[in-house]
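I have placed the structure first, in the form of structure tokens, so that the comments after it can refer back to it.
The values are calculated or read from the model by the stated rules, or taken from the named source; none is laboratory data. Values in this document were obtained by computation on a predicted structure and should not be read as measured data. Reconstructed Cβ throughout: ideal geometry from the backbone, glycine too, with neighbour counts over all protein chains shown. Side chains are part of the model used for accessible areas, which takes the heavy atoms of the whole protein and leaves out ligands, DNA and RNA. Shrake-Rupley method; radii C 1.70, N 1.55, O 1.52, S 1.80 Å.
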Amino acid sequence: MKIGVPNQAAQHERRVAITPDVTARLVKQEFEVMVETGAGDAAGFLDKEFEAAGASVVPEAFLAWGCNLVVTVRPPSDEQIAMLKAGAVLIGLLQPLDEPQVVAKLAAANVTTLAFETVPRTTKAQSMDVLSSQATAAGYQAVLEAATAITKFFPMLMTAAGTIAPAKVLVLGAGVAGLQAIATARRLGAVVSAYDVRAAAAEQVESLGARFVRLELEQQKDEATGGYARELEEDAQKRLLMQLGDHVARNDVVISTAAIPGRRAPLLVTREMVEAMHPGSVIVDLAVATGGNCELSKADELVVHHGVKILAPTDLVSGVATHTSQMFARNTLNFLTHLVHEEGLRIDLKDEITAGACITHDGKVVNERVKSLLEGGAN
Ligand code: NAD
């Protein structure tokens, strides 16, 4: 089976879906790997390294997109969809709940689509969990962005010029990205606190040495929500904002990562809250792609409001493209190993992992949430 690995630089993407290390493993499993020229350049993986690992480096995009299996780190453009063969399998980060129209086009092109976003978050599928590996990088990078933007040190320093107090960092949303942000800010010496609506997050936050912010609001149980948060009712949302304001104002840095799959990100930092922060404080909003956690965030722009810097980067994972590509490629290898059987790639919709990932098959959209979005309903 031929795997196509496209060059996605034109989509402002620095990651590559397969690395030379994973190429060698795929070649051992009798895959033929077709890498488009320069696909790994921005992540530090050269064509000659892919060749040494057993890949064929192909000069044209259509040769990679035209394979019977294609792996991608971004949803394909119309032009790329046109290069996919009918009956091909497309695996990758495809944002099916945010881009249902792309899914509809893939179904119409009779492409079987497997999205990492909908792989179940189970122990068995942990090694294929691209959302987690990429969110880890985003959480780490967000803290570095904040540390660079702020005019303070993160650690406490005891110097002959006096003692410098450590920076105070508040993390909102303690999922995968939030937990990594906590760990990174702690490593840099900041005093860290965090809030999440899920009850299970408290113990995880505290195990990283941060303080969990306890609000007078019902905490959601993971068993009831499948590990994800639910949207708050209007009244609970109002109470949340009223209580969170003081915590936001007390911190030098706010890193917000709160998200609800397939929905607008919850609003957690209002304009008034920003105005109550000390000038020079920094907010890094990781949720801007789905509407943002901060009312003033603008995607990929630096907003300065009352002296507070608000950053809302959309592509932090590309900043550490070597390692995010390495993690993505390993997750992909584990996923492919799960799919491959003696007869080749098997799309077994009775298998929990494959069924979870499968968005289109046999010319149809098979994911119920995407179907409902396409029919104009909520997912
Ligand atoms: P996510 O990106 O969907 O959301 C980020 C965080 O925002 C979550 O912790 C969520 O609870 C929080 N959030 C949502 N609304 C909020 C609000 N109003 N206020 C404060 N916080 C809010 O989450 P994720 O990082 O993808 O993780 C989701 C869940 O999946 C977690 O329970 C995580 O432990 C679990 N998980 C399980 C596995 C596994 O078992 N293989 C792997 C990864 C993640």
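Details
- Condition met for R214 (open to solvent by 20 Å² or more (accessible area, probe 1.4 Å) and in contact with a strand residue (DSSP E or B) (Cβ under 9 Å, 6 or more places away or on another chain)): yes
- Test: residue in region 118-136 that is over 19 Å from the mean Cα position of the chain (by Cα), within 16 Å of the ligand (Cβ to nearest atom) and open to solvent by 20 Å² or more (accessible area, probe 1.4 Å): yes
- With respect to the conditions (1) of a type in the set (D, E); (2) open to solvent by 10 Å² or more (accessible area, probe 1.4 Å); (3) modelled with pLDDT of 95 or more; (4) within 27 Å of D129 (Cα to Cα), D285 falls short on a single one, namely (2).
- Single residue of region 155-209 satisfying the filter (away from the ligand (no atom under 16 Å from the Cβ) and either of a type in the set (S, T, N, Q) or at positive phi (or both)) that is most open to solvent (accessible area, probe 1.4 Å): T163
- Summed over region 229-261, residues that are within 12 Å of the ligand (Cβ to nearest atom), touching a residue at least 60 places away in the same chain (Cβ under 8 Å) and surrounded by fewer than 21 Cβ atoms within 10 Å (Cβ to Cβ) total 2.
- Residue count for region 210-220, restricted to those that are within 11 Å of the ligand (Cβ to nearest atom) and part of a loop (DSSP other than H, G, I, E, B): 4
- In region 84-115, the residues that are closer than 13 Å to N367 by Cβ and either of a type in the set (K, R) or in contact with a strand residue (DSSP E or B) (Cβ under 6 Å, 6 or more places away or on another chain) (or both): L94, P96, V103, L106, A107, T112, T113, L114, A115
- Only residues that are touching a Gly at 6+ places or on another chain (Cβ under 7 Å), closer than 18 Å to V130 by Cα and not small (G, A, S) were counted in region 1-18, giving 1.
- Any hit, region 301-315, residues being at positive phi, open to solvent by less than 40 Å² (accessible area, probe 1.4 Å) and not charged (D, E, K, R): yes
- G280 vs. criteria closer than 21 Å to A177 by Cβ and either near the ligand (Cβ under 10 Å from one of its atoms) or part of a loop (DSSP other than H, G, I, E, B) (or both): no
- Test: residue in region 344-366 that is open to solvent by less than 40 Å² (accessible area, probe 1.4 Å), acidic (D, E) and part of a loop (DSSP other than H, G, I, E, B): yes
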